[in-house]
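Here is the structure we will look at.
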Amino acid sequence: MMKPIRLLPKGSLLLLTALGFLLAGFLPASSSSFAAEAAPTSVVVQLREVDLGFPVEATVEAVRQATVAAQIAGRVLEVRVDAGQRVKQGELLMRLDAREAAGSDASARASLAQASAAYERTKNLHAQKFVSQAALDQAAAAWKAAQGAAAASGAGVSHGTVTAPITGIVAQRHVELGEMAALGRPLVTVFDPKGLRVIASLPQYKLAELKKTGRARIEFPETGTWVDALRVEILPTVDARSHTATARLYLPDNIEGVVPGMSARAHFAVGQAQRLTVPPAAVLRRGEVTAVYVLDDRGGARLRQVRVGEAVSGGQLEVLAGINSGERVSLVPLKTGIDLKTPAAR
């Protein structure tokens, strides 16, 4: 015997119908939006106007960097910071044992009190014509010398508290807790991460040419990052031994992963030319073989060996041989290679 069919209430049918229309309307739109946001998987190789660069190895440094040195001799009693920590100007970094300085300060203040009393006595005696003007001058000089010594010793006591000279990041802490800090020993180095630049040495035979353009791009080979120098500054003197001049290339703020001491490569613009270029993502490197996947009009792909040169402006690689202008190459060579090995691709 067949079970009776139970009909849904009229309200439920209306709800299901409305839900069906919503799904029918939204799913295609969502799919098209995902397709529109998808990154391109291929590119047409073309001639581009690029800057001809003169590459020079460089080093990143901070424009504002300060090393705090010990202004008194004493043991390190307290350490509040370590490398990589952010600090504000005037913030406490460490404390030194200032007991020796405090003892010197007490002695200097006692000498000041004694010199002050002697000066007052001599001044009274001089007013009564009992001592000469020379004696009064000598007492005044001793009093002023004692004042200077007391002021210096008082400053020495305050030097036991070491504070940050600028707002920034601690680059290095040079002492450990309990160590003896001699007078003049470096304690902490702080740099301002908002102002960075790279330093490069330029041969003197290139100076006239490079000064004309005044433009440069900085490459960070480890990360593949390229940035335009905000300003190029070539110092007016040349080293007598190396016959090179120092160039300062100022970087934009907040470049991720760039810190003082890193290596970089400065590409100074020396002109422009038409060059065939390809994105680095399209290039496959297997040992000594460099290749790209060239796509045809039917969607097929063939691996072709190429010869590439140095990186040019924009991070593109110059193509020296193996590809012609107008050919299309894959930007996802690993995926293209896997697709070729699948039975469906064959």
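Given (1) surrounded by 15 or more Cβ atoms within 10 Å (Cβ to Cβ); (2) among the aliphatic types (A, V, I, L, M); (3) not in a strand (DSSP E or B), where does A240 come up short, assuming only one miss?
The one condition A240 does not meet is (1).
Okay, residues lined up against (1) among the hydroxyl-bearing types (S, T, Y); (2) over 30 Å from V87 (Cα atoms); (3) touching a helix residue (DSSP H, G or I) at 6+ places or on another chain (Cβ under 8 Å); (4) modelled with pLDDT of 85 or more:
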{"site": "S111", "(1), (2), (3), (4)": "yes, yes, yes, no"}
{"site": "A115", "(1), (2), (3), (4)": "no, yes, yes, no"}
{"site": "F130", "(1), (2), (3), (4)": "no, yes, no, no"}
{"site": "A140", "(1), (2), (3), (4)": "no, yes, yes, no"}
{"site": "Q147", "(1), (2), (3), (4)": "no, yes, yes, no"}
{"site": "A155", "(1), (2), (3), (4)": "no, no, no, no"}
{"site": "I169", "(1), (2), (3), (4)": "no, no, no, yes"}
{"site": "Q172", "(1), (2), (3), (4)": "no, no, no, yes"}
{"site": "L177", "(1), (2), (3), (4)": "no, no, no, yes"}
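Condition test on G25, is it modelled with pLDDT of 70 or more and outside any loop (DSSP other than H, G, I, E, B)?
So G25 does not fit the description; no.
If you check A181 against the conditions, is it outside the structural domain of R109 (by TED's automatic domain parsing) and more than 30 Å from A69 (Cα to Cα)?
Values: outside the structural domain of R109 (by TED's automatic domain parsing): yes; more than 30 Å from A69 (Cα to Cα): no.
Spelling it out, it is not the case that A181 is outside the structural domain of R109 (by TED's automatic domain parsing) and more than 30 Å from A69 (Cα to Cα).
Please state which of the following conditions K194 fails to meet, knowing it meets all the rest: (1) in a loop (DSSP other than H, G, I, E, B); (2) surrounded by 15 or more Cβ atoms within 10 Å (Cβ to Cβ); (3) among the basic types (K, R).
(2)
From the list V319, V332, V312, V232, which one is modelled with pLDDT under 75 and touching a Lys or Arg at 6+ places or on another chain (Cβ under 8 Å)?
Residue meeting the stated conditions: V312.
Any residue at all in the range 59-70 that is at pLDDT 50 or above and more than 30 Å from L183 (Cβ to Cβ)?
Taking the range 59-70 and keeping what is at pLDDT 50 or above, we get 59-70.
Subset that is more than 30 Å from L183 (Cβ to Cβ): 59-60.
Yes, that holds for at least one residue.
Starting from residues that are among the polar types (S, T, N, Q) and in a helix (DSSP H, G or I), keep the ones in the range 203-230 and report whichever is nearest to the chain's Cα centre (by Cα). Break it down into steps so the answer makes sense when it comes.
So the first thing to find is which residues in the range 203-230 are among the polar types (S, T, N, Q), and the list is 204, 213, 223, 225.
Remaining after also requiring in a helix (DSSP H, G or I): 204, 213.
Numbers: Q204: 28, T213: 25 Å.
Residue satisfying both the conditions and the ranking: T213.
May I ask you to verify whether V319 is under 25 Å from T223 (Cα atoms), among the hydrophobic types (A, V, I, L, M, F, W, C) and within 29 Å of the chain's Cα centre (by Cα)? First the steps, then the outcome.
Numbers: under 25 Å from T223 (Cα atoms): yes; among the hydrophobic types (A, V, I, L, M, F, W, C): yes; within 29 Å of the chain's Cα centre (by Cα): no.
Spelling it out, it is not the case that V319 is under 25 Å from T223 (Cα atoms), among the hydrophobic types (A, V, I, L, M, F, W, C) and within 29 Å of the chain's Cα centre (by Cα).
For E233, indicate whether it is in contact (Cβ under 8 Å) with a residue 12 or more places away in the chain, touching a His at 6+ places or on another chain (Cβ under 8 Å) and in a strand (DSSP E or B).
On the way: in contact (Cβ under 8 Å) with a residue 12 or more places away in the chain: yes; touching a His at 6+ places or on another chain (Cβ under 8 Å): no; in a strand (DSSP E or B): yes.
Answer is no for this residue.
Looking for something of a type in the set (D, E, K, R) and surrounded by 15 or more Cβ atoms within 10 Å (Cβ to Cβ) - is there at least one such residue anywhere in the range 246-255? Show your work before the answer.
Kept after step one, since they are of a type in the set (D, E, K, R), are these residues of the range 246-255: 248, 253.
Filter again for surrounded by 15 or more Cβ atoms within 10 Å (Cβ to Cβ), leaving 248.
Yes, there is a match, as at least one residue in the range 246-255 is of a type in the set (D, E, K, R) and surrounded by 15 or more Cβ atoms within 10 Å (Cβ to Cβ).
Just checking: which of the strands (runs of 3 or more DSSP E) contained wholly in the range 265-346 hold 2 or more residues that are charged (D, E, K, R)? Working first, answer last.
Working: elements: 284-286, 289-295, 301-305, 307-311, 317-321, 328-330.
So the answer is 284-286, 301-305, 307-311.
Got a number for residues in the range 256-291 being under 28 Å from P203 (Cα atoms) and either at pLDDT below 85 or not charged (D, E, K, R) (or both)?
In the first step, residues of the range 256-291 are kept if they are under 28 Å from P203 (Cα atoms); the result is 258-275.
Among the residues that remain, those that are also either at pLDDT below 85 or not charged (D, E, K, R) (or both) are: 258-264, 266-275.
The qualifying residues number 17.
Across the range 56-94, which residue is surrounded by the fewest Cβ atoms within 10 Å (Cβ to Cβ) among those that are over 30 Å from A264 (Cα atoms) and of a type outside the set (A, V, I, L, M)?
Let us first name the residues in the range 56-94 that are over 30 Å from A264 (Cα atoms), namely 70-80, 90-94.
Now drop any that are not of a type outside the set (A, V, I, L, M), which leaves 71, 74-75, 78, 80, 90-91.
Numbers: Q71: 18, G74: 21, R75: 16, E78: 13, R80: 14, G90: 10, E91: 14.
Checking each candidate, the answer is G90.
The values are calculated or read from the model by the stated rules, or taken from the named source; none is laboratory data. Note that the structure is a prediction, hence the values are computed from the model and not measured. FYI the Cβ positions are ideal-geometry reconstructions off the backbone, even for glycines, and counts take in every protein chain you see.
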